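Let me begin by presenting the structure, written as structure tokens, before commenting on it.
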Amino acid sequence: MNIENLTFQKKIAINNNDSLLIIDMQYDFMPGGALPVEEGDQIIDDINLVAEIFKSSNGIVVLTQDWHPKNHKSFASSYPGKNPGDEFQSEGIGPIIWPDHCVQNTYGSKFHEDLKKEYAHAIIRKGYHPKIDSYSGFIENDKKSETGLAGFLNSLKIKRIFICGLALDYCCYFTAIDGIDFGFEVYFLVNLTKGIDLPPGNISNSLEDMKNKGIKFTIKDNFV
Ligand SMILES: [Zn+2]
């Protein structure tokens, strides 16, 4: 499944039942960071423009922030003989283990300075349990520990969520899938995200899964 094969929703008008979820726009996921996503910094300006639309239309803007303690169990360095990118599965961790990244209070865990954080109503941190990874902004990888995002959005009567940020095939994908499970109408902003495609083919599989799950796709220029 390629982005070119997707159908995009058109003429989207934002209102106060809509939320923009901006996923993990942190230095460690940018080119030069510990877990870089290619061209991850090239979507920042357009994300800011869309965040501005949400702000001026009374939508709710949420940032997520990957926020690991040192020696987190999602890091390959926690396992002798393992390397970043290796497949690894245990309760709350996997299917891949990663280089050390987004360690709390380090430069790499900070949001990119160009991201307009002032538009955000809330920042949801995830991945802070030492033994549990969290790709999704809603629920950690043990599928039990909620971040509080669903409750926050429900209390504000949010019906539609729009997802952008990094990385397409991990944190954005899992947030989108969980968004459906939590009862939201989910839109994926395909030109406001970049993927890592690990293992190869993962981006394509993620897009296909999302389509099958009923997630809608759109692009920046389709907001009115
Ligand atoms: Zn992480």
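Since every read-out is calculated from the coordinates, none of them should be taken as a lab result. Just so you know, these numbers come straight off a predicted model, no measurement behind them. With ideal geometry, Cβ positions are generated from the backbone for all residues, glycine too; neighbour counts draw on all protein chains shown.
General remarks:
- Of the residues Glu87, Glu91, Glu52, Glu38, the single one that is under 18 Å from the mean Cα position of the chain (by Cα), more than 12 Å from the ligand (Cβ to nearest atom) and of a type outside the set (A, V, I, L, M) is Glu38.
- Extreme residue, nearest to Asp221 (Cα to Cα), among residues of segment 1-33 that are hydrophobic (A, V, I, L, M, F, W, C) and under 17 Å from the mean Cα position of the chain (by Cα): Leu20
- Within segment 138-188, if we keep just the residues that are free of Cβ contacts under 8 Å to residues at least 40 places away in the same chain and basic (Lys, Arg), the residue that is nearest to Asp41 (Cα to Cα) turns out to be Lys143.
- Filter pass, Asn154 being over 16 Å from the mean Cα position of the chain (by Cα) and either among the acidic types (Asp, Glu) or farther than 27 Å from Met1 by Cβ (or both): yes
- From the options Asp114, Asp100, residue that is surrounded by 18 or more Cβ atoms within 10 Å (Cβ to Cβ), touching a residue at least 40 places away in the same chain (Cβ under 8 Å) and charged (D, E, K, R): Asp100
- Single residue of Asn141, Asn105 found to be surrounded by 17 or more Cβ atoms within 10 Å (Cβ to Cβ) and either of a type in the set (S, T, N, Q) or in contact with a Ser or Thr (Cβ under 6 Å, 6 or more places away or on another chain) (or both): Asn141
- Within segment 131-159, considering residues that are in a loop (DSSP other than H, G, I, E, B), hydrophobic (A, V, I, L, M, F, W, C) and under 20 Å from Pro95 (Cα atoms), the one farthest from the ligand (Cβ to nearest atom): Phe138
- Selection within segment 1-31: residues that are within 16 Å of the ligand (Cβ to nearest atom) and assigned to a helix (DSSP H, G or I). The member of this set that is surrounded by the fewest Cβ atoms within 10 Å (Cβ to Cβ) is Tyr27.
- Test: residue in segment 118-126 that is in a strand (DSSP E or B), farther than 27 Å from Phe182 by Cα and not aliphatic (A, V, I, L, M): no
- Being charged (D, E, K, R) and in contact (Cβ under 8 Å) with a residue 60 or more places away in the chain is a property that does not hold for Lys213.
- Qualifying residue in segment 121-130 (condition: more than 15 Å from the ligand (Cβ to nearest atom), of a type in the set (Gly, Ala, Ser) and under 15 Å from the mean Cα position of the chain (by Cα)): yes
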